[in-house]
Amino acid sequence: MRYLPIFFDTQEKTIVVIGGGPAAEAKLRTLIRVDGELLVFTKGPSDQIKRWANEGKLTIVQETPEKEDFKLASLIYAATEDPAENAGLADKAKDLGIPVNAADQKEDCSFITPAIVDRDPIVVAIGSEGTAPGLARSLKADIESRLPQSTGPLARKIAELRASLSAIMPDFSDRQRLWAKVFSSGKTLEKRLAHTPEEIEATFESALKEEFKEKAGSVSLVGAGPGDIELLTLGAQRRLHSADVIVYDRLVSQGVLDLGRREAKYIYVGKAPGNHSTRQGEINRIIVEKALEGNHVVRLKGGDPLIFGRADEEIEALEQAGVDYDIVPGITSAAAAAATIGKSLTSRGHNKSVTLMTGHDSKGFAEQDWKKLSDPTARAAIYMGLGASRFIQGRLLLHGADRNHPVTIVENASRADEKVVETTLGNLAQDIEKYGILGPAILLYGYAKTEAVAAEFLPRKAVK
């Protein structure tokens, strides 16, 4: 991120705009809404700029600005119709240390103005770092259509409620949690924004009463999906937004973690193959302990918590401790991997079932029904299979599986660094080493990548 978005306080500040034509008008359409004083330096103001001046929205100074005029300004907009003049004005402003924007001349700017959706006091700024203003305008139009005009009055009502809340709930984290509940409990954000100030006040009062009830915390076992935040469920997003404590594993992407509250406590309990840094018993202890302290705990697991996520052990620990819990399923990585290669996990006329299996269990390499899996039509999605690949390969070949039975390896399914390797059972272990597959990865046994789909729609790294 090259440009840091910052909301600048314009109250009792002077903003200087130099220019009186279309470029200046374009800047002023936004600036006339701010609280600061607007000085427009131009010898030839447009009719529109004159009308704004007559309405008291700005002051026209019909002369060329001098150095002393620049010193009055907190912000300067160089918006003449002459690029060379704009560049010279920008240089003068920079020499004085005053932030300057030169219209449509990114290289001369010390700041750039975003596309703005104004629902005062709610303001949404959309920037593209000057690379795609047309895209920013399209995004603005979309957000404009989603934010009702009532958003402003709603925000002002919330400001009143915040003032009263500070007196009865001094802890900042407690207040943040309460507001998260107000805006995430049961309804979509769009429906919340459509509420009247009176309705939002009633929701606030209800959440406040609930907050002061004496009760223990709770735990949400949440599936983080395979990594792409677009594959995260709305239920998962709501739990993250209201969590006090987030306990997460190695397979959870940073993009998903970024959706959690900044004030939440984040506890890493990752496990890597051959390096079990946090044992399951310790994880159980952490989530129970944090919930009994009165926190809403999100136990965030990559994929789906109910598929090789050891959720049953955590559920048992919560039930024994009398802690309330709920479960939010996630998109499992096998489904994401199948989508990547353009293959259905079950295909009419080919396989009536698919096996979800793990390469490891509590005793080591996991034994399976190898005879069934050796059938030519057998298909399986193998989790945690990299370290066990030679074991799986040997067992299947021993039970008569065809060495040419297809296997597609999908590493980091759905993520930007996703890698796809096509191989066969006979070459499985060797190709994992050859192509540097480190995981996390799904072994799609019995599946060959659909070439047309991968080539046209999946611009990701594929290795044969």
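The values are calculated or read from the model by the stated rules, or taken from the named source; none is laboratory data. Model, not experiment: these values are computed from the prediction. Neighbour counts run over all protein chains shown; Cβ positions are idealised from the backbone, glycine included.
Of all residues in the range 12-37, those satisfying the criterion of being of a type outside the set (D, E) and under 16 Å from D118 (Cβ atoms) are A26, K27, L28, R29, T30, L31, I32, R33, V34, G36. Can you say whether R379 is touching a Leu at 6+ places or on another chain (Cβ under 9 Å) and over 16 Å from Y447 (Cβ atoms), as far as the supplied structure shows? Criteria not met by R379. The residues listed here are I98, I122, I143; of these, the one that is closer than 20 Å to P5 by Cα and assigned by TED's automatic domain parsing to the domain that holds E37 is I98. If you go through the range 280-304 and pick out every residue that is among the charged types (D, E, K, R) and crowded, with 18+ Cβ neighbours inside 10 Å, you end up with 4. For the range 209-226, the candidate set comprises residues that are modelled with pLDDT under 90 and within 28 Å of the chain's Cα centre (by Cα); within that set, the residue that is farthest from Q149 (Cα to Cα) is G217. Between A103, A73, which is in contact with a Lys or Arg (Cβ under 7 Å, 6 or more places away or on another chain), within 24 Å of P5 (Cα to Cα) and either hydrophobic (A, V, I, L, M, F, W, C) or exposed (fewer than 13 other Cβ atoms within 10 Å of the Cβ) (or both)? Answer to the selection: A103. Checked against (1) surrounded by 17 or more Cβ atoms within 10 Å (Cβ to Cβ); (2) closer than 22 Å to F172 by Cβ, E205 passes all but a single condition, namely (1). Residues in the range 305-326 that are crowded, with 17+ Cβ neighbours inside 10 Å and within 21 Å of Y266 (Cβ to Cβ) were compared, and the one that is nearest to the chain's Cα centre (by Cα) is P305. Would you be able to say whether some residue in the range 426-436 is more than 20 Å from A335 (Cβ to Cβ), part of a loop (DSSP other than H, G, I, E, B) and at pLDDT 90 or above? Looking for residues that are more than 20 Å from A335 (Cβ to Cβ), part of a loop (DSSP other than H, G, I, E, B) and at pLDDT 90 or above, one finds at least one in the range 426-436, hence yes.
Conditions tested, residue by residue: (1) within 19 Å of A125 (Cα to Cα); (2) aliphatic (A, V, I, L, M).
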residue: D9; (1), (2): yes, no
residue: T14; (1), (2): no, no
residue: A24; (1), (2): no, yes
residue: L28; (1), (2): yes, yes
residue: L72; (1), (2): no, yes
residue: L75; (1), (2): yes, yes
residue: G88; (1), (2): no, no
residue: P99; (1), (2): yes, no
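Within the span defined as the range 102-113, every residue fails to be in contact with a helix residue (DSSP H, G or I) (Cβ under 9 Å, 6 or more places away or on another chain), within 18 Å of A24 (Cα to Cα), in contact (Cβ under 8 Å) with a residue 60 or more places away in the chain and not in a loop (DSSP other than H, G, I, E, B). In the range 361-404, which residue that is hydrophobic (A, V, I, L, M, F, W, C) and part of a loop (DSSP other than H, G, I, E, B) is nearest to the chain's Cα centre (by Cα)? Residue satisfying both the conditions and the ranking: M384.
Right, G44: assigned to a loop (DSSP other than H, G, I, E, B) and within 21 Å of E12 (Cα to Cα) or not? No. Only a single item in (1) under 22 Å from L161 (Cα atoms); (2) modelled with pLDDT under 90 is not met by G274, and it is number (1). Screening the candidates V421, V407 for the property of being over 31 Å from the mean Cα position of the chain (by Cα), in a strand (DSSP E or B), touching a residue at least 24 places away in the same chain (Cβ under 8 Å) and surrounded by 20 or more Cβ atoms within 10 Å (Cβ to Cβ) yields one hit, V407. All of P170, P226, P197 fail the test of being over 24 Å from P114 (Cα atoms), surrounded by fewer than 14 Cβ atoms within 10 Å (Cβ to Cβ) and of a type outside the set (D, E, K, R), apart from P170.
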